[in-house]
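Visitor: Structure incoming, see below.
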Amino acid sequence: MLGPDTAAYLIVAAFLFTTGALGVLVRRSPLIVLLSLEIMLNGANLALIAFSRHFANGDGQIFALAVMAVAASEVVVGLGLIVAMARKRLDLDVDKLSSLRG
Amino acid sequence: MNAAAWTCLLLPLGSTVLITLLGGSISRRAAGWISTVSCAGAFAAAVVAFVVMLGRSPDDRSELSTAYTWLAAGNFKVGFSILTDPLSMFMMLVVTGVGSLIVAYSLGYMDGDDEERRYFAYMSLFVFSMLLLVQGGNLLFLLIGWGLVGLSSYLLIGFHHERPSAVAAAKKAFIMNAFGDATMALAFFLLIQKTGSLDFDVVFSRADGLSQTVLVLVALGLLGGAVAKSAQLPLQTWLPDAMEGPTPVSALIHAATMVTAGVYLIVRTNPLFELAPHVQELAAGLGTATLLMAGLIALVQTDIKRVIAYSTMSQIGYMFLGAGIGAYANAMFLLMVHAFFKALLFLGAGIVIHALGGEQDIRRMGGLRKLMPKTWLAMLIGGLALAGIPPLSGFFAKDSILAAALAGDTYDRVLFAVGIVGAFLTGLYTFRMLFVVFGGEQSAYVREHPPHAGHDRLVNWSMGLTVAVLAVLATFGGWIQFAGVWTPITDWLEPVAKPLIEATNSQEAVASIISVAVGALGIGVAWWIYSAHRMKAPRPWAVLEHKFYFDELYNGLFYWPAVALARILDWTVEGPIVNGSIVGVAGLTRRTGDWFRALQTGLVRVYAFALAAGLAVLVLVFIAVR
Amino acid sequence: MTSHGWITTTMIMLPLIAAVVLWVVPMPRVWVAPAALLVSLFEVGFWIEALVRYDFDRGGLQEWNHATWLKDLGVSYSVGFYQGFSIWLVGLTTIVMAASTAYGYWMRRDRPRAYYGLMLFLTGAIVGVFTAQDLLLFYIFWEAMLIPLYVLIGAWGGPGRLNATIKFVIYTMVGSLLMLAAVIVYGLQAGTFSMIDGGTNASDWIFLGFAAAFVVKAPLFPFHGWLPDAYRESPAEVSAVLSGVISKAAAFGFLRICFSLFPAGVQDFRTPILVLAAIGLVYGSLLAFRAPDIRGVVAYSSLAQLGLIVLGLFATNNLGIDGAVLQMVNHGLISAVLFLLAGAVERRAATGRFESLGGMAKGRPALATVLMATGIIALAVPGSGAFAGEFAILAGVFQQGWLYAVVGAVAIVLAAMYVLRMISGVLHARKGPAVHDNALDLRPAELAILVPLIGILLFLSAWPAAITDRVLG
């Protein structure tokens, strides 16, 4: 097997995932939240591919491709929402979007 | 014979259907003619059947004809069938004969009423129902006719449906009759369980094998139906209220149809009653008690129709007495002549009411003899026949029942004594009414509203002619049978209802002399008080004016408890428990939801944190469990 | 798929497909109601064809249409007419649904595409319930039948419709879920969900699961909490369907499922169910006697009548069951007519309360005749079809215990009381404050809807053996 050990990949993946999660939790701008989500997904992708290599099985890679497709569509929808919000001159602040409060 | 019998049954039904379907496209009078012609046609068919039957030997006079299977459930089958035998023949002739006269009379009486078509449709339905009752070839069709008679009476008593009192009276009649229907139905359920059938011959032939308890229960159920329909104690209270209907309806109910059905039922099912002799004695006792009570109440009534109504109740009491002691033919004989003179009395009273513009209170009448001599004559014939004065028809029939009672055991003789008292009362109340209405000076009301003669010839003819025919029948109708000498009715009915008891000639003579004497005494007392005014009329007793408080009693015993129970159930069970439980479930769900609402902050970061925290917890648990 | 039996599938699928077409395909609004009415009349036509085809002498399952659906689970699409009673109930369904659809057309219900789509969907689902021969399929149709009802009550109902819908949903959901559990347990034990191959099951619990759904849907005392509100707040024609047809689905369930699959459970719980039915009979009659409005009387009388029908079924002899099936058809038609009449009266007087009604007979002969005729049949006057049904039921249950028949006889008297009270409350005595002089008599369109129903009732009065002789076999 070429390259670093699987554990190294997983550490990077965990780092990416945590970074993204923190971003989602602490940032208020929807743009950044969306960005952080992408980072989380990429972390997950990295983990999938690492395991795929580790077990010499293609399934993980296929799954990663599916995740990318989902991520792409998610960005489209997310950005669309943000643009719509901007055009309605709403504050770009997730804390102020609380109309679903029970 | 069957074809004629079916024609007789279906003609009146056909006219009901026809009038209903044609609706407004025919004139009111045409509806009356359709009804009259159909009833007369039914009478003609009955006569044809009668002639055919007369030509056969007495053992061969019973014929059952089934059209099709009406109800088949499980092993129980019952056909739409009619039984044509001497008893049903006898009733068919009375019902269609008197019935068609009354319908013809209605042509004049109801002339000009807004809803004449509806009236005649109902009248035909009434005649059909009664025919179905007497012709029904098994117990179930007897019950169906029974129920339809109750329905028709409901429709006709409540004919003036804009009057609340008429509607209430109609409902009362129907519900009391429904009570009787229910007891009969229960008796039938018992018969189905024990004999598997409701056919007359099957039931009668298997009745011997039934236990005494079963027989008593069955007979009691039948008796319950009979007293309800015939307005005998204790289910008599609907009859006087039924006077809310138009007068010809009262005549039809009292003379040709309905109230005589109870007598017919007892005679028809006599094999069952004879196996439960105590119930049969009870029937005689109830009839006797009713004839006494009705006679007393009739003394204080002030409505001309109600006086006659109570006299019917009393006469039916005599018939129950006769049927109860086993003098079936005598009871049927009285049934027939009673139909004649009672129809006569009602229709005569109808002429009076019609002439006075709807007034029914006898205290406002008086001195009508000079103004309406023909009506006075008709009413006099009816009254004498009712009081049992020879040679009018009532004498022959009533006295033969009393003689039969005299021929029986001690119990029957007590009934005889009460019957004699009843005969006195009959003379008294009948002639009280006649003297007050026709005798004396003209009252203020009559002077102000002089009877007007009708201008329409048809009206006069329809009312006058029918009353004349009935007057002839009431005069001579009793001569058909003269006890001990000449007994065609007893012989005719022998194959169906063999008398249990027959009076000797001397008993006949004793009974006749006593009853005629007390009847005449009653008339004399009536003359003394109400015509000659030698004595002031005594104040009516409150107990009589309140009809022995039966209405109050039944309201207190049944109606108000039912209303109260419904109300209590509504408040205690329906509201809080049935309805409350579901409201409670909904409320609980809502309160639980309120608690959980707090979690929905609407802040997306909180949700995300919850997700992350949940994930973390899962991971920790995962690690810990490993 | 077996080729014969196409008619059963057609009768289920035609209205379902028509419903989807109405929802999806755009068409001018004026076409919607006639199209729906046409489909429902076709249903009646198909039913007549099925009636002609069904061989009552042979009995059993006929017009059977079968296809494997989920092979591993033993679930199949299996529909057909099982014994005579399912023919009669399907007939009742198609006729009442056609009348109700026509009545909706006459009333010009708003949002027609949704409304008529739901009515057609409902028709298909009910026919499915009466013909399903697979328990899971039965359950699916059962639920499919309830969903349009929720919407019809909730969206087109009267002012109190939300509460009515909530109660209806909660009650029926609880019942249905218990039934689902019972269906699954039965299917796992038997290895198939087929009602024909499954064989009997002695478990009382499974029986109770089914009984719960049926008892709520019928309803039987004391599970009728949803009934008064639902019957009062629904549009008149939906009430007609609810009490005329849907309640019969419950009685059908007892007859088709409980009696053939769970004879032991029926045996064990016969007495409690008979007692509940008898109580319901008297209780419903008493409350009907006190109800302040027409719909209240009809609603509580439905409770009483269903009690009577269950009495007949649980008499567990042919006499009672034959009478019960006849009474199902009779009551279905009677309550449909009465609810439609209640709607007609409410349309004219804007209220159904007796205190504001009265005196409507004067000058309105058609209304008076129709209401009087139906009322007279409803109170089971001897000679009517309802009388034949009640007589057979009570004669049957008499053999289980005379007391039930005595209670039934008392209820007959009570029935006379409440029906006459309703008739005179609407038609007779003084003119009520809500009755205007210019309130019209029944219009020809209304008569065209009601008279055929009454015609069938009169036919059944003349010849009740037409049904009672062709129930089981």
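The values are calculated or read from the model by the stated rules, or taken from the named source; none is laboratory data. Here the structure is a predicted model, which means the values were calculated and not measured. Note that each Cβ is placed from the backbone with ideal geometry, even for glycine, and that neighbours are counted across all protein chains shown.
Visitor: Name the single residue that is nearest to B:Ala121 (Cα to Cα) among those in the stretch B:157-174 being in a helix (DSSP H, G or I) and more than 7 Å from chain C (Cβ to nearest Cβ).
Guide: Residue satisfying both the conditions and the ranking: B:Ile157.
Visitor: Which of (1) surrounded by 16 or more Cβ atoms within 10 Å (Cβ to Cβ); (2) over 24 Å from B:Ala608 (Cβ atoms) is the odd one out, the single condition A:Leu65 does not satisfy?
Guide: Failing condition for A:Leu65: (1).
Yes or no, residue by residue, for (1) surrounded by 15 or more Cβ atoms within 10 Å (Cβ to Cβ); (2) within 21 Å of B:Arg605 (Cα to Cα); (3) among the acidic types (Asp, Glu); (4) within 14 Å of chain B (Cβ to nearest Cβ):
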position: A:Leu46; (1), (2), (3), (4): yes, no, no, no
position: A:Arg53; (1), (2), (3), (4): yes, no, no, no
position: A:Asp59; (1), (2), (3), (4): no, no, yes, no
position: A:Ala72; (1), (2), (3), (4): no, no, no, no
position: A:Gly80; (1), (2), (3), (4): no, yes, no, no
position: A:Met85; (1), (2), (3), (4): yes, yes, no, yes
position: A:Val94; (1), (2), (3), (4): yes, yes, no, yes
position: A:Arg101; (1), (2), (3), (4): no, yes, no, yes
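Visitor: Do any helices (runs of 4 or more DSSP H) entirely within the stretch B:175-255 hold 1 or more residues that are within 12 Å of chain C (Cβ to nearest Cβ), and if so, which?
Guide: Fully inside the stretch B:175-255 and qualifying: B:212-229.
Visitor: Does any residue of the stretch C:147-158 turn out to be free of Cβ contacts under 8 Å to residues at least 24 places away in the same chain and either hydroxyl-bearing (Ser, Thr, Tyr) or in a loop (DSSP other than H, G, I, E, B) (or both)?
Guide: yes
Visitor: Considering only residues that are more than 7 Å from chain B (Cβ to nearest Cβ), in a loop (DSSP other than H, G, I, E, B) and closer than 25 Å to C:Ser302 by Cα, which ones fall in the stretch C:398-439?
Guide: C:Gln400, C:Gly401
Visitor: Is it the case that C:Phe138 is out of contact with any helix residue (DSSP H, G or I) (no Cβ under 6 Å at 6 or more places or on another chain), assigned to a helix (DSSP H, G or I) and closer than 30 Å to C:Ala466 by Cα?
Guide: In short, yes.
Visitor: I need a count of the residues in the stretch B:47-76 that are among the charged types (D, E, K, R), touching a residue at least 60 places away in the same chain (Cβ under 8 Å) and not in a helix (DSSP H, G or I).
Guide: Of the residues in that region, 2 qualify.
Visitor: Regarding the stretch B:563-572, can at least one residue be identified that is farther than 18 Å from C:Ala299 by Cα, surrounded by fewer than 12 Cβ atoms within 10 Å (Cβ to Cβ), at the interface with another protein chain (Cβ under 8 Å from one of its Cβ atoms) and not β-branched (Val, Ile, Thr)?
Guide: Among the residues of the stretch B:563-572, not one is farther than 18 Å from C:Ala299 by Cα, surrounded by fewer than 12 Cβ atoms within 10 Å (Cβ to Cβ), at the interface with another protein chain (Cβ under 8 Å from one of its Cβ atoms) and not β-branched (Val, Ile, Thr), which makes the answer no.
Visitor: Of all residues in the stretch C:313-329, count the ones that are in a helix (DSSP H, G or I), more than 14 Å from C:Leu472 (Cα to Cα) and within 13 Å of another protein chain (Cβ to nearest Cβ).
Guide: Qualifying residue count, the stretch C:313-329: 1.
Visitor: Moving to a separate point now. Are there helices (runs of 4 or more DSSP H) fully within the stretch B:352-427 with at least 1 residues that are under 27 Å from the mean Cα position of the chain (by Cα) and closer than 30 Å to B:Val279 by Cα? List them.
Guide: Numbers: elements: B:368-371, B:373-387, B:393-406.
Once the helices (runs of 4 or more DSSP H) in the stretch B:352-427 are filtered for at least 1 residues that are under 27 Å from the mean Cα position of the chain (by Cα) and closer than 30 Å to B:Val279 by Cα, what remains is B:373-387, B:393-406.
A quick yes/no check of all residues on (1) touching a Leu at 6+ places or on another chain (Cβ under 7 Å); (2) of a type in the set (A, V, I, L, M):
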{"position": "C:Leu340", "(1), (2)": "yes, yes"}
{"position": "C:Glu346", "(1), (2)": "no, no"}
{"position": "C:Gly352", "(1), (2)": "no, no"}
{"position": "C:Gly358", "(1), (2)": "no, no"}
{"position": "C:Ala361", "(1), (2)": "yes, yes"}
{"position": "C:Ala366", "(1), (2)": "yes, yes"}
{"position": "C:Val370", "(1), (2)": "yes, yes"}
{"position": "C:Glu390", "(1), (2)": "yes, no"}
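Visitor: Continuing with the same structure: Just the residues that are within 7 Å of chain B (Cβ to nearest Cβ), aliphatic (A, V, I, L, M) and assigned to a loop (DSSP other than H, G, I, E, B), please, taken from the stretch C:367-397.
Guide: C:Val381
Visitor: Something else about it: Do any residues in the stretch B:589-614 that are surrounded by 12 or more Cβ atoms within 10 Å (Cβ to Cβ) have Cβ atoms under 9 Å from those of residues that are of a type in the set (Asp, Glu), where the two are at least six apart or on different chains, and which pairs are they?
Guide: Note: pairs meeting the criteria are B:Leu603/A:Asp95; B:Val604/A:Asp95; B:Arg605/A:Asp95.
Visitor: Here is a further query. Against the conditions (1) among the charged types (D, E, K, R); (2) under 23 Å from the mean Cα position of the chain (by Cα); (3) at pLDDT below 90, where does C:Glu49 fall short? Just the number, please.
Guide: Here C:Glu49 clears every test but (3).
Visitor: How many of the residues in the stretch C:182-204 are in contact with a helix residue (DSSP H, G or I) (Cβ under 8 Å, 6 or more places away or on another chain), surrounded by 15 or more Cβ atoms within 10 Å (Cβ to Cβ) and either free of Cβ contacts under 8 Å to residues at least 24 places away in the same chain or among the hydrophobic types (A, V, I, L, M, F, W, C) (or both)?
Guide: Looking only at that region, the number is 5.
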